Amino acid sequence: MVDYIWIVIALPLAGAVFLHFFGSRLREPIAGVIATSTVGLSFFYALIAAADFFSGTGEAETVHLFDWIPTLGANAELLWDPLSAVMTLTVTGVGALIHLYSIGYMHGDPRFGRFFTGLNFFTASMLILVLADNFGALFVGWELVGLSSYLLISFWFQKPSAAAAGKKAFIVNRIGDVGFLIGLMLILANFNTLTYGTVLADPARFVTAGTATAITLLLLLGAAGKSAQIPLYFWLPDAMEGPTPVSALIHAATMVTAGVYMVARTASLFELSGFAAATVATVGAFTALFAATIALMQRDIKRVLAFSTISQLGYMFLAVGTGAYVAGIFHLFTHAFFKALLFLGSGSVIHAMGDEQDMAKMGGLAKVMPVTHLTMVIGWLAIIGIPPLAGFWSKDEILALAFGAGGWFTFLWVLGIITALLTAVYMTRWMYLTFWGEARWDDGVDPHESPAVMTLPLVGLAVGSAAFGLLNTPFHGPFKPAFEHFLEPSFEAIEMAHLPSGSTPWFLALISIAAAAGGALFAYRRYQGAEAFDTAPVAAKRTGVWRWVTNGYYVDDIIGNLLVLPGKLVAAWTAFVLDTEIIDGSVRAIGGGVRRISGWLRPVQTGFVRNYAVVTFAGVVGLLVWFVSQGAG
Amino acid sequence: MVELVLFIVFGLIAVAGALSMVLHPNPVYGALGLMATMLSIAVFYVVNSGHFIAAVQVVVYAGAVMTLFLFVIMLIGVDRAENLEERLPMQRQLAIGLGVAFLVLIGLIGGNAWITAPASASEPNGSVEAIADLIFTDWLLPFEVTTLLLIIASVGAVALAQFSPRRRGGAEE
Amino acid sequence: MEVTAGWYLALGAVLFVIGAGGMLLRRNALVMFMSIELMLNAVNLTFVAIGRHVGDLNGQVAVFFVMVVAAAEVVVGLAIMISVFRRRASASVDDLAVLKG
């Protein structure tokens, strides 16, 4: 089975190639069915291939496909170990459900086939990323997901905002990629190879802690770009311009987790450099809090979820920075379910409301969309961390491990708890404004429940969100920490963070449950019976600090004026001064000079044949003069 | 002695014919003068043992070409006197100055011994056989090319004389 | 007094200069054309004279080729002249100065 693991990549890739050429000629549902079944088959293949890991007998295997750049240690080789298996299963499993959902969501779109080409292409790229056995192949996947993300964000390219959002995502990712690429060059310079096996087995043999810090900080820059962490987070909210399934698949469940996966994969390097690991955790914790505050004030149903995604990714970074790799990957895993669920649910709402995304014009949808509402309740409880749903187990484990790490990490734990509180507030607000309270629909909007092809994935993801948290509870007893056990082979060489001893974990869990419940209760009471409707979570006027928060701390404006504007000015100078004046000018000057010299010579051409004949005859005489002067006479 | 007489007589005729061609305002007289020059040159060919060339000179040049010239002169109706007044600035002075310079330079070159010295080699045989012998051996390829040239020239002449631009435009002349 | 090749060369040079003068001074296209023929003949004469001087028949072969080319040239040239005359009703080359720079 494992020897042919490349089939997992080949299936969606073949689907993408096929749909690229024939997708537009197929009748509507067929392209979607083909795309969905390729990803579904990949999922089942991966599930069977991972069977040995479930039973605890499996070992990491490397599958060599063909030589690519052998001198750099970058060959087409796939690594099949528990970590890549988890990632593969998440990508294909959640991906298949989202593909299925898209059949309903993209109904009637004139470029239906092309959309599934993009989804399949993305899935194949992401699988290359997670299955790569060396940094070279990882980088290939890394860039391919960036490309497919760009293509899908600006899928409705006729909308200028979508085109701009795709461009923004691509460029911001490129900035991170520069750091990532330099990091890879440093790895190559120090290790002489890009293969995981050599680089990650015992990096201390090759590099000092200082070099490891340099490498890992550069890798972190790439991870921050891909996973939307400070300082490169601001592309993700705009990426919501893409179709909602794209937001769910790429910008919530899979692609944005690439940074977390990469940090977890290079755990031994980060471990070597304590400073870099602490930086990862700090970046994560601050991003989590920062994004959560912005999410409080958003009115767009998808932008709330976008900032929520950034915030949750911050948790994952906090985890992998603390050394809680299993917890980080576990949160990645559960988050993929409940965030995909929430996104697909919001897509269902948007679909029902006739492409309305402003939550101020929703409300009271619970009655007309019972299935969507019910699954959203599960997603809501999961993300704010109410036991026994998935989000509680993974988030609480991260927070407990951060607390257990002590020192600076205790402060990060405080940030995490505050974030948990804010998460409960903004998600409850999201639920209330959308599903509960009075209906504030525009005239002529007639919401309806979505078709089964859309609600079915919602139910599937809701089940996952509800149940999969139990895979890794800290309690031994009826449920064993299966997930940790499963991932153990991937991290056996790594020193993992430990839970605090004694009753402390119980106490910590109580604190986070209290934070979640308190936040939810506060938000619910805030909106219940509010008379003049106000979307702000507290009854403050939209002044002062709340204006800052509403506008995302004006980060977009600051970047726009500080970085983009000078760039545009330089571009304008290049285009309108350097190019037109200097380059074109020099060309024109050469042409004009020739023309002027020609002007002086023009009178020579009198047009009279006899003038020319005189000149010819003078030439003959001149030849004779030359002969005579040469002594012919 | 005979050659000296011939040279003086026909040399004078040739120069006189050439001068009348250049100086006479009426091209018909010019054409006749040129014909006289060509016939004298044919005589010089004979003297220089170019019998075949002389015959060709009489038939082609003095006969065909000059007849063609006269024919065209009659056809386009320019058998009138031409205004010999010069309008291009410096043209006449330059032309005369260059001509004089040319003759002076030729005279300088003419001082060379090998040209003024008596002929050393035996007289060449300018018979038809001898010429044909050369043309069809050493000069075969140029000879064939000239046939091509003549065909192209005759076709081109027909094309040029046949179609006038106005007629090509569709309007009747 | 023996007539050497130099005599013929001198005569050829005189005829050549006369032809060149006609070429440069007359503006009747036909006369200019005839002047060119005269110059060709002058050069032909020198070919034959020198051929005799060095005892080589190739001079006469060259004359033969010059004649052929001249005949072709005359044919085309006169045809051009006729078509120009049809348009302009003038044989003066000074009227044809459209190539003025």
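The values are calculated or read from the model by the stated rules, or taken from the named source; none is laboratory data. Model, not experiment: these values are computed from the prediction. Positions of Cβ are generated from backbone atoms using ideal geometry, with glycine treated the same way; all protein chains shown enter the neighbour counts. The protein model used for the area step is the full one, side chains on, heavy atoms only, and it has no ligands, DNA or RNA in it. Shrake-Rupley method; radii C 1.70, N 1.55, O 1.52, S 1.80 Å.
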(request) Considering each of C:Val84, C:Val66, C:Val74 in turn, give the residue that is touching a residue at least 12 places away in the same chain (Cβ under 8 Å), in contact with a helix residue (DSSP H, G or I) (Cβ under 7 Å, 6 or more places away or on another chain) and more than 7 Å from chain B (Cβ to nearest Cβ). (result) C:Val66
(message) From the list A:Ala360, A:Ala336, A:Ala352, A:Ala390, exactly one residue is at pLDDT below 90 and within 24 Å of the chain's Cα centre (by Cα). Which is it?
(response) A:Ala390
(request) Tell me which of these C:Asn41 doesn't satisfy, since it passes every other one: (1) modelled with pLDDT of 90 or more; (2) farther than 21 Å from B:Pro27 by Cβ; (3) surrounded by 17 or more Cβ atoms within 10 Å (Cβ to Cβ). (result) (2)
(message) Suppose we filter A:Val304, A:Val326 for residues that are farther than 22 Å from A:Leu422 by Cβ and touching a helix residue (DSSP H, G or I) at 6+ places or on another chain (Cβ under 6 Å); which single one remains?
(response) A:Val326
(message) Consider region A:600-616. How many of its residues are at the interface with chain C (Cβ under 8 Å from one of its Cβ atoms), β-branched (Val, Ile, Thr) and assigned to a helix (DSSP H, G or I)?
(response) 3
(request) Search region B:120-146 for residues that are without any contact (Cβ under 8 Å) to a residue 40 or more places away in the chain and pair each with any residue that is open to solvent by 100 Å² or more (accessible area, probe 1.4 Å) and assigned to a helix (DSSP H, G or I) when their beta-carbon atoms are under 6 Å apart and the residues are at least 6 apart or on different chains. (result) none
(request) Filter region B:16-70 down to residues that are within 15 Å of B:Ser127 (Cα to Cα) and among the small types (Gly, Ala, Ser) and give me whichever is most open to solvent (accessible area, probe 1.4 Å). (result) B:Ala55
(request) Would you point out the residue of region A:343-402, among those that are among the aliphatic types (A, V, I, L, M) and not in a helix (DSSP H, G or I), that is nearest to A:Gly328 (Cα to Cα)? (result) A:Leu389
(message) The conditions are (1) within 23 Å of A:Glu438 (Cα to Cα); (2) modelled with pLDDT under 80; (3) open to solvent by less than 70 Å² (accessible area, probe 1.4 Å), and A:Ala497 fails exactly one of them. Which is it?
(response) (1)
(message) Given the condition within 22 Å of C:Leu25 (Cβ to Cβ), open to solvent by less than 40 Å² (accessible area, probe 1.4 Å) and hydroxyl-bearing (Ser, Thr, Tyr), answer yes or no: does some residue in region A:604-614 qualify?
(response) yes
(request) Could you list all residues from region A:429-463 that are within 30 Å of the chain's Cα centre (by Cα), charged (D, E, K, R) and open to solvent by 20 Å² or more (accessible area, probe 1.4 Å)? (result) A:Glu449
(message) For region A:261-283, check the following and say yes or no: at least one residue is closer than 25 Å to A:Ile182 by Cβ, in contact with a Lys or Arg (Cβ under 9 Å, 6 or more places away or on another chain), touching a residue at least 60 places away in the same chain (Cβ under 8 Å) and open to solvent by less than 10 Å² (accessible area, probe 1.4 Å).
(response) yes
(message) When you scan region C:44-56, do you find a residue that is surrounded by fewer than 20 Cβ atoms within 10 Å (Cβ to Cβ), more than 26 Å from B:Leu108 (Cβ to Cβ) and not polar (S, T, N, Q), even just one?
(response) yes
(request) Take C:Leu24 and decide whether it is within 7 Å of another protein chain (Cβ to nearest Cβ), assigned to a helix (DSSP H, G or I), modelled with pLDDT under 90 and within 17 Å of the chain's Cα centre (by Cα). (result) yes
